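Take a look at the structure set out below.
The values are calculated or read from the model by the stated rules, or taken from the named source; none is laboratory data. What you see is a predicted model, and the numbers here were worked out from it, not measured in a lab. Virtual Cβ from ideal backbone geometry, glycine too; neighbours counted across all protein chains shown.
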Amino acid sequence: MSDVFTLRGPVKKDRPEPVARSVARRSLDGATLDTVELEPTIFGIEPNMAVLHQVVTAQLAAKRSGTQSTKTRKEVRGGGKKPFRQKGTGGARQGTIRAPHYPGGGIALGPKPRKYDQKTPKKMIRLALYCALSDRASESRVALIDSFDAWSEPKTKSALAALGALGLDGKVLVVLSREDAVAFFSFNNLDHVKTIDAGEINAYDVLEADWVLFTDATLPRAKEDN
């Protein structure tokens, strides 16, 4: 009787189902308005540490200027004359005193300007962001307000009062829309607060902050199917 073999594809790691979490929706004075259910696929997944590490590393690498530069023997000033005659000295022949083994000479195999950018798939970048938001949501470090419409003019004093009323301490990442110019200038002078456009939010900035503050307009939600 011949043996029967069953062909199976690769088995994916079983991940737990997204966790349903909620956040209190408050006003700028700290008063609770209602409770909002967070999107489980964005704020309730299990963080993938490998993806987070790769995406954050790529983001930090992209921030490097890459402007370091050393001069080679042909770029160092001087050394155009042969230091001594070719033969009869008993020493090795030399063509220039700007060779790497001479003091003041060029650098062999030294660093040159380059880019440190790493190509990262868009799906991986999005997954890393969701993992970072889920991590902050699991620690109840996600805050939500209705809007910044109550501010008519930029005032740092108003920004400090709002952070105190909401109980946000440490580093705070405030996610703004393009209409929140007053809020942007209000938080601009605070060293422990970083503002970011809703379309530019990323995993690194979320992980670096102790709190992430959203408004109704900037809170990530699931995309509706057409």
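Details
- Close contacts from the range 102-129, counting a first residue that is assigned by TED's automatic domain parsing to the domain that holds residue 204 and a second that is of a type in the set (A, V, I, L, M, F, W, C) and part of a loop (DSSP other than H, G, I, E, B), with Cβ to Cβ under 7 Å and a gap of 6+ residues or different chains, come to 129/201.
- Residue that is farthest from residue 38 (Cα to Cα) [pool: residues in the range 208-218 that are of a type outside the set (Gly, Ala, Ser) and surrounded by 19 or more Cβ atoms within 10 Å (Cβ to Cβ)]: 211
- Subset of the range 56-93 (residues that are of a type in the set (Gly, Ala, Ser) and loosely packed, with under 12 Cβ neighbours inside 10 Å): 65, 78, 80, 88, 90, 91, 92
- Looking only at residues in the range 114-153 that are touching a Ser or Thr at 6+ places or on another chain (Cβ under 7 Å) and surrounded by fewer than 17 Cβ atoms within 10 Å (Cβ to Cβ), the one that is nearest to residue 67 (Cα to Cα) is 147.
- Matching residues in the range 14-62 - criterion: being under 17 Å from residue 136 (Cα atoms) and basic (Lys, Arg): 21, 25
- Residues that are basic (Lys, Arg) and either under 30 Å from residue 17 (Cβ atoms) or outside any helix (DSSP H, G or I) (or both), drawn from the range 48-66: 64
- In the range 130-210, counting only strands (runs of 3 or more DSSP E) that sit wholly within it, the ones holding 2 or more residues that are of a type in the set (D, E, K, R) and closer than 29 Å to residue 55 by Cα span 193-197.
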